[in-house]
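Right, one structure below, let's go through it.
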Amino acid sequence: MRKKKVFWSIWSIFTVSVILFFYALGELEQMDFGKSVILTAIPLVAAIPSIAGLKAAMIDRLKVFSNKFQWLKPLALIIGGISLAVFLYGFLCKSCFWAMDQYLIPAGISLLWSGALYWFLVAFPDVPDKPSPDERFFSKLSVRFKRFVYLLFALTGLVLTMAIVVFTVRGLRIWL
């Protein structure tokens, strides 16, 4: 019962913070169905890892996520390749038989999301475990430094994901 309370509290806090974030950006002048689905689905997906391990560190959860969902790697590559092809075709071929410029924004958005997913799946499966107390000082220092670099990767990924969310909302606002 405790995990469910933690999950829903994290989800509700994150949902309110995302809605306030987009309100501050000026993206919520009018609320429609698409924005409401996006603004509730993103925090729900972000809160799901809290059930798996409440005491695990962020990079340890990313390692578990990356190892658990390795089967998504080919799917992310296929979606990214199709999105790239549609984007390049629509961008480069203005007078072709099929004018696909209306698909530039969704193709770009799906390319960004598939790239971010592929990056998370590739970057975190080899995170070293926490050093044990019986290891030597320099080996502990080496493991901690590697974990710190992975933490910087994770924070960079978090910032990039938020930028992709903003780009998604703005792109869908223009496209719809």
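The values are calculated or read from the model by the stated rules, or taken from the named source; none is laboratory data. Everything quoted here is computed from the prediction, not taken from an experiment. Here the Cβ is made from the backbone with ideal geometry for all residues, glycine too, and neighbour counts use every protein chain on show.
Residue-level check: of (1) surrounded by 12 or more Cβ atoms within 10 Å (Cβ to Cβ); (2) modelled with pLDDT of 85 or more; (3) part of a loop (DSSP other than H, G, I, E, B), P131 misses just (2). The set of residues from region 163-176 being in a helix (DSSP H, G or I) and in contact (Cβ under 8 Å) with a residue 60 or more places away in the chain comprises V165, V166, T168, V169, R170, G171, L172, R173, I174, W175. Annotation for region 132-141: no member residue is under 22 Å from R61 (Cα atoms) and touching a residue at least 12 places away in the same chain (Cβ under 8 Å).
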